[in-house]
1. Give the cross-link partners of A:K106 among the lysines, using a straight C-alpha distance below 24 Å as the criterion and excluding same-chain residues fewer than 8 apart.
2. Do any cysteines in chain B lack another Cys Cβ under 4.7 Å, and if so which?
3. Find the Cα radius of gyration of chain B, compare it with 2.2 N^0.38 Å by division, and give the number to two decimals.
4. For B:Y51, B:Y89, which order do you get if you count the other beta carbons within 10 Å of each Cβ and list the fewest first?
5. Highest GNM mean-square fluctuation, chain B, Cα pairs closer than 10 Å: which of B:K19, B:K40, B:K53?
6. Using the Cα centre of the protein assembly as shown as the reference point, and only Cβ charges (+1 on K/R, -1 on D/E), how large is the resulting charge dipole? Debye, rounded to the nearest 20.
7. Calculate the spin-label point distance for B:S20 paired with B:N57, positioning each point 7 Å from the Cα along the beta-carbon direction, and give it in nanometres.
8. Is there a simple number for the mean count of other chain Cβ atoms within 10 Å of the Cβ of residues in B:28-40, and what is it?
Amino acid sequence: ILNVEQSPQSLHVQEGDSTNFTCSFPSSNFYALHWYRWETAKSPEALFVMTLNGDEKKKGRISATLNTKEGYSYLYIKGSQPEDSATYLCASLNSGGGADGLTFGKGTHLIIQP
Amino acid sequence: DTEVTQTPKHLVMGMTNKKSLKCEQHMGHRAMYWYKQKAKKPPELMFVYSYEKLSINESVPSRFSPECPNSSLLNLHLHALQPEDSALYLCASSQGEVYANYGYTFGSGTRLTVV
């Protein structure tokens, strides 16, 4: 059984501040790490797919890094805006021996306060 | 069309009922997935279809029966469910093989309540 852990579970951030949160995942048989943003009453939306150790991806004010050797990824949001309020899910894709689809963490629930 | 469409959005069913959840995509994606999410838990993988063939069944009880009639459509047939099966059922699709480096496209889910 794969365990993907995210911290913190929830986070309140003042508008304009920057923030970051963590995803830890099994490093054995690692294939890819996904990040999704899930707004209430909408579908989860893919932000990043990362596969290589040291990978760093950016989309506007949001960026993510990946360390496959130690099994963690960080998501950074610069200059938070109210529209960034959502649950951010990370998911690990590992090959062989068990769950071969994405294994999700519980998510970090981000609330941006005006 | 860049969406995954799930119907119905909400479903209430009795424990003796038979119902089906439907998922449709027209993006040419060849991998499709069913996930189940209960409150305050992560989405859990149930089934994976790759090129219309069932490739993964995560030890899901037989009261859940998936079907992939064609490359655009994925069904989940429900029969004799239990109240603990009440959850949000999410469908997703992705381009190419299961291990391809593409994000999944999710539907907005079916909220199922078993009474």
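Readers should treat all values here as calculations from the given coordinates under stated rules, not as data from a laboratory. Note that the structure is predicted; figures quoted are calculated from it, not measured. Neighbour counts run over all protein chains shown; Cβ positions are idealised from the backbone, glycine included.
1. Partners found: A:K42, A:K57, A:K58, A:K59, A:K69, A:K78, B:K9, B:K36, B:K38, B:K40, B:K41.
2. B:C68
3. Numbers: Rg = 13.4 Å, N = 115, 2.2 N^0.38 = 13.4 Å.
Here the answer is 1.00, to two decimals.
4. Numbers: B:Y51 13, B:Y89 23.
With the sparsest Cβ surroundings first, the list reads B:Y51, B:Y89.
5. B:K40
6. Working: 21 positive and 21 negative charges, 76 e Å.
Using Cβ point charges on Lys, Arg, Asp and Glu, the protein assembly as shown gives about 360 debye.
7. Placing both labels 7 Å along Cα→Cβ, they lie 1.8 nm apart.
8. Details: counts 0, 0, 0, 1, 0, 2, 1, 4, 0, 2, 0, 0, 3.
Across B:28-40, the average partner-chain Cβ count within 10 Å equals 1.
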